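Every read-out reported here was derived from the displayed coordinates using simple, explicitly stated rules and does not represent laboratory data. Quick caveat: nothing in here was measured; it's all calculated off a predicted structure. Because the Cβ atoms are built from the backbone with ideal geometry, glycine has one as well, and the counts that use them run over all protein chains shown.
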């Protein structure tokens, strides 16, 4: 485990900064390929399937108005800017879309998936 790991520090979607829950644990799929070993009578063959390097399980603290804004952005046809700041202050930016998964009324938690159009641009600290 790295020295500076933990929850996200900041999430910015289309220029708007959203509060992030302290217990948010994202899944950051950084590779562009999913690799599977295929059994053969000789050496293992590898199947490489392209995938999108998404950021999943992003939990945002939102009001109902912010929830509706996220819903509208997820249903829009235009690409938006996406940015996440990790615990060590490294920032990853992209242009793409979001998938609005759900809203929990008890906590005000909106869960989204960030989907880049190409790849994430890292700005490492």
Within the range 1-79, which strands (runs of 3 or more DSSP E) (wholly inside it) include 1 or more residues that are touching a residue at least 12 places away in the same chain (Cβ under 8 Å), more than 27 Å from residue 105 (Cβ to Cβ) and in contact with a strand residue (DSSP E or B) (Cβ under 8 Å, 6 or more places away or on another chain)? 33-38, 45-50
Scan the range 72-90 for residues that are under 13 Å from residue 13 (Cα atoms) and surrounded by 15 or more Cβ atoms within 10 Å (Cβ to Cβ) and jot them down. 73, 74, 80, 82, 83, 84, 85
